[in-house]
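The block underneath contains the structure these notes are about, expressed in structure tokens.
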Amino acid sequence: MIISKKMNSALNEQVGNEFGASLQYVSIAAYFSGEGLTELANHFYQQASEERDHAMRFVKYVVDAGGKLEIPAVKAPKGAFKSVAEAVKLSLDWEQTVTRQINDLVDLSTKEGDHITANFLNWFVNEQLEELTTMDNLLKVVKLAGDNLLYVEEYVARHGITKNDGGTGQAAGE
Ligand SMILES: [Fe+2]
Ligand SMILES: [Fe+2]
């Protein structure tokens with residue numbers, strides 16, 4: 001086994017965290033969809049799909065590293081929101097939490113002298129920079145827009161912050 005028992009269980013935890021993020025973004029996307037905010041809904045369905053991909057990267061790594069995959073229980077996502085700003089703020093908070101979780105995994109890999117896992121985690125370190133920036137910008141735009149949510153819709157559409165490679169086949173480009 002390439003990874004330690006401790007690393008194995010930390011990676012299993014992160015599988016749960018990424019699936020949890022995916023469920024949270026599905027929940028937020030459904031809220032936006034219900035509010036008639038199609039661009040925001042598509043963007044968050046796409047984010048949900050990306051978080052599932054993140055979970056699967058961890059799954060595959062645990063298996064490749066000869067570890068034992070144990071997916072933890074995932075907490076139910078928050079389903080009700082008072083405003084678009086609240087939902088986007090929750091998403092930014094979530095990304096900050098995930099960034100801390102990834103940093104902790106990197107710290108553990110360094111402590112254990114586990115360069116293979118450190119190298120695997122590097123992709124996530126870069127990804128978190130992108131995700132934090134995107135979500136932070138979106139929150140700024142939501143705050144600027146105030147009640148004019150169509151401005152936010154236009155921003156999301158214009159900036160193409162929805163990627164096209166998520167794999168649901170529904171979220172992007174429709
Ligand atoms: Fe993620
Ligand atoms: Fe994320």
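The values are calculated or read from the model by the stated rules, or taken from the named source; none is laboratory data. Here the structure is a predicted model, which is why all the values come from computation and not from measurement. Here Cβ is always computed from backbone atoms with ideal geometry, including for glycine, and neighbour counts include all displayed protein chains.
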Give the residue, chosen from GLU50, GLU18, that is assigned to a helix (DSSP H, G or I), within 25 Å of VAL152 (Cα to Cα) and at pLDDT 95 or above.
GLU50
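Output the residues belonging to segment 9-28 that are aliphatic (A, V, I, L, M), surrounded by fewer than 22 Cβ atoms within 10 Å (Cβ to Cβ) and within 14 Å of ligand 1 (Cβ to nearest atom). Spell out how you get there, then give the answer.
Restricting attention to segment 9-28, the residues satisfying the condition of being aliphatic (A, V, I, L, M) are 10-11, 15, 21, 23, 26, 28.
Within this subset, residues satisfying the condition of being surrounded by fewer than 22 Cβ atoms within 10 Å (Cβ to Cβ) are 10, 23, 26.
The answer is LEU23, VAL26.
So is LYS6 away from ligand 2 (no atom under 16 Å from the Cβ), out of contact with any helix residue (DSSP H, G or I) (no Cβ under 9 Å at 6 or more places or on another chain) and assigned to a helix (DSSP H, G or I) or not?
In short, no.
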Result of the Cβ filter at 7 Å on segment 40-62, keeping first residues that are within 22 Å of GLN101 (Cα to Cα) and partners that are modelled with pLDDT of 95 or more and of a type in the set (Asp, Glu), at least 6 apart or interchain, is GLU51/GLU18; HIS54/GLU18; ALA55/GLU18; PHE58/GLU18
Pick from segment 90-109, criterion more than 10 Å from ligand 2 (Cβ to nearest atom) and charged (D, E, K, R), ranking: nearest to LYS140 (Cα to Cα):
ASP93
What's the number of the only condition in (1) surrounded by 14 or more Cβ atoms within 10 Å (Cβ to Cβ); (2) within 16 Å of ligand 1 (Cβ to nearest atom); (3) assigned to a helix (DSSP H, G or I) that PRO77 fails to meet?
(3)
Is it the case that segment 39-58 has a residue that's surrounded by 15 or more Cβ atoms within 10 Å (Cβ to Cβ), under 24 Å from LEU129 (Cα atoms), more than 13 Å from ligand 1 (Cβ to nearest atom) and among the polar types (S, T, N, Q)?
yes
Could you list all residues from segment 80-115 that are surrounded by 14 or more Cβ atoms within 10 Å (Cβ to Cβ) and of a type in the set (A, V, I, L, M)?
VAL84, ALA85, ALA87, VAL88, LEU90, LEU92, VAL98, ILE102, LEU105, VAL106, LEU108
Being among the hydroxyl-bearing types (Ser, Thr, Tyr), more than 16 Å from THR134 (Cβ to Cβ) and either surrounded by fewer than 23 Cβ atoms within 10 Å (Cβ to Cβ) or modelled with pLDDT of 95 or more (or both) is the requirement here; does TYR31 meet it?
yes
